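S.K.: Got a structure for you, questions after.
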Amino acid sequence: MVKFFKYMFATFAGGIVAAFVLFIFFIAMLSGLAAMGEKETKIKENTILLLDLNGPIVDRVSDDPFADAFASLTGEPTPEGLNRLLSNIDKAKRDDNISGIVLESGMVQAGYATIEEIRNALIDFKTSGKFIYSFSPIYTQKAYYLASVADKVYLNPSGMLELKGMYAERTFFKKALEKVGVEIQVFKHGKFKSAVEPFLLEKMSEPARLQTEVYINSMWDHVKAGIAEARGLTPEKVSALADEMPMFRSDEMLIESGLIDGSKYKDEVIDELKEVMGIDETNDLEAIKNNKYAKVFVSEGKGFIRQKIAVIYAEGDIDGTSSDGIKSDKLSKTIRKARRDSSIKAIVFRVNSPGGSALGSEIIWREVKLAQETKPVIVSMGNYAASGGYYISCAADKIVANPTTLTGSIGIFGMIPNAEELTNKLGVSFDGVKTNKFADMPSITRPFRKDEKELLQAYIVKGYDTFIGRCADGRNTTKEAIDEIGQGRVWSGVNALDIDLVDEIGGISKAIELAKDAADLEEYRVVELPEVEDPIQQLMKDLTGEARMFVGKSLMGDEYKYIQTLENLKNGYQIQARIPYNLEIK
């Protein structure tokens, strides 16, 4: 009888879950279909472009009709795309109906390099003479760096502003693995290849600490100089203010120091905007959000242009387990099609990746190399373009990086767990029969034998030699020169420029300009690749990916990221070219 009720309850619960999923699917489908029917959006004169960036920003978003509907159901913010933001800011600069931009970005979720590109676009927008206002109840340090370019920066009277310098943190799993009886067997080449350290150590090694100090200080120097220039301060003054921890200081201190222009409530900011725009206080402001403004057409005065520059996006882990990562076979096909398309005169390869599979990186490198032999290829680096991310970049004609891009990390490693102690604890044993000496290699239920270790280490060394060879060819130098700055060491974009790993500092707009010059184009249009997925396919990906993330975060909170790391270790390729796991820069 107990089993009967147990199975009955399980069946009932399963039915409820299935019904709920179908309900979500149905609502999202209706909302998406309604959105697909929307026509071009018209706006009135004296309109504000509202940039609400309190959420994740990825390199590229498509016009997904289901994204907003699904986000409203899960409670998660809809990701915004850097591509759409840069396009809209440029369009707003030319749009006579847009009077200015209002930033609401106090909790922006993006890397410093992404913020840098938005910030530079806003600086360019200001050359039009139009205003930029920023208001938020809370500014994180990244958000304040973005907001600092505004003509006016306002904070809620009870709000907080974070400015404290940078901190890089890594998570270490050694003791946790020891407790469950799992040993990580590591094979690597490069003294700075610290991606394996979280599984072997309890804190940073000295080489890892050294490289982190170099690039984090480089990034902080750039950020504090940017804040200083925007707010009429000196870098030394910004650093001194950071040491005072302004988050817990008074509004008067923030105003007197020059960090903000005033302490105001939102209604007071709205009243000031009405006055600036010449709007009667009894009337409402006209404002349009970024996703809606994407549907506004502003003529550039050009007819149809056949010649194209293709921007190819590569974002995420290379051949990782994430549905949003870089799949080497699909990306290679995209690059190959762009190479063969005679209307595409140049390629901008946008890389935002910490690396991943060494084999996947080699596969993509080959297609980039073939494309470079056919037409100009310019790489634009995002927040990360390191290890495998640099591998797939090095064959380009030129590499453009942001000052705060993390790049380099030229090296590879292999990690294979040995769970013998765990299986002994569980009382599980293994036995088998083999026909040849290495037939049972690799095994996760026993340690590697000496001859097996020698084989795998030789393979790693060979892979590293191939890697530095690719880099040497692409950068027109020697293997010895690459090895000197390689060894797995991570560099900032500014550092990388000094050692000739990149050619110029800038964002994707700079890369497109270089591609135009390299292809000798007077006029061109930009096409984004890979092609956007069918809306129904995108919906299914959203449902599966977002649902998995939602459940994981609900159960684990912020600790869910550690589960993701272990999941990647379990399912990922054994030979990796990537930067350190869970590297957080705050």
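S.K.: Give me the one-decimal nm value for the distance between modelled label points at Leu285 and Val532, 7 Å along each residue's Cα-to-Cβ direction.
M.R.: Rounded to a tenth, the inter-label distance reads 2.9 nm.
S.K.: Related question: Based only on other Cβ atoms within 10 Å, what is the fewest-to-most ordering of Asp397, Asp329, Asp124? Could you put the intermediate results ahead of the total?
M.R.: On the way: Asp397 17, Asp329 10, Asp124 14.
So the ranking, lowest neighbour count to highest, is Asp329, Asp124, Asp397.
S.K.: Give me the extension gain from Ile444 to Glu522: residue separation times 0.36 nm, minus the current Cα-Cα distance, reported in nm with one decimal.
M.R.: Extra length from Ile444 to Glu522 when fully extended: 22.2 nm.
S.K.: Order by neighbour count: Phe304, Phe349, fewest other Cβ atoms within 10 Å first, most last.
M.R.: Arranged by neighbour count, lowest to highest, Phe304, Phe349 become Phe304, Phe349.
S.K.: By counting other Cβ atoms within 10 Å of each Cβ, how are Leu177, Leu521, Leu155 ranked from fewest to most?
M.R.: Fewest-to-most ranking of Leu177, Leu521, Leu155: Leu521, Leu177, Leu155.
S.K.: Can you tell me what percent of all Cα-Cα pairs in the range 239-319 are more than 16 Å apart?
M.R.: Details: 2478 of 3240 pairs.
Summing the P(r) of the range 239-319 above 16 Å gives 76 percent of all pairs.
S.K.: Which net charge results when you count Lys and Arg as +1 and Asp and Glu as -1 among the other residues whose beta-carbon is under 9 Å from that of Asn290?
M.R.: Residues near Asn290 contribute +1 overall.
S.K.: For the range 127-153 and the range 403-453, what is the centre-to-centre distance using only Cα atoms, to the nearest Å?
M.R.: When both Cα centres are located, 51 Å separates them.
S.K.: Output ³J(HN,Hα) for the range 94-111: one whole-Hz value per residue in order, computed from phi by the Karplus curve 6.51 cos²θ - 1.76 cosθ + 1.60 with θ = phi - 60°, and x for Gly and Pro.
M.R.: Once rounded to whole Hz, the list reads 8, 7, 5, 7, 8, 8, x, 10, 10, 9, 10, 9, x, 10, 4, 10, 7, x.
S.K.: Moving to a separate point now. Could you work out Rg/(2.2 N^0.38 Å) for the range 331-450, with Rg from alpha carbons only?
M.R.: Against the empirical 2.2 N^0.38 Å value, I get 1.54 for the range 331-450.
S.K.: Could you give each residue of the range 255-261 its phi-based ³J(HN,Hα) in whole Hz, using Karplus coefficients 6.51, -1.76, 1.60 with θ = phi - 60°, and x for Gly or Pro?
M.R.: With the stated coefficients, the range 255-261 comes to 6, 5, 6, x, 6, 10, 9 Hz.
S.K.: I've got another one for you. May I ask for the equivalent-ellipsoid semi-axes of the range 145-300, computed as the square root of five times each C-alpha gyration tensor eigenvalue and listed largest first in whole Å?
M.R.: Listed largest to smallest, the semi-axes of the range 145-300 are 45, 22, 17 Å.
S.K.: Be a star and scan the range 477-492 for residues whose amide nitrogen sits under 19 Å from the point 7 Å along the Cα-to-Cβ vector of Ser205.
M.R.: So the set is 483-491.
S.K.: Asp52's amide H: which non-local residues (gap 5+, or another chain) put their own amide H closer than 5 Å, with H modeled 1.01 Å from N in plane and none for Pro or chain starts?
M.R.: Glu104, Asn290
S.K.: What is the Rg over Rh value, at two decimals, for the range 112-204, using alpha-carbon atoms and the Kirkwood definition of Rh?
M.R.: 1.24
Every read-out reported here was derived from the displayed coordinates using simple, explicitly stated rules and does not represent laboratory data. Computed from a predicted model, the values in this text were never measured in an experiment. Cβ: placed from backbone, ideal geometry, glycine included. Neighbour counts: every protein chain shown.
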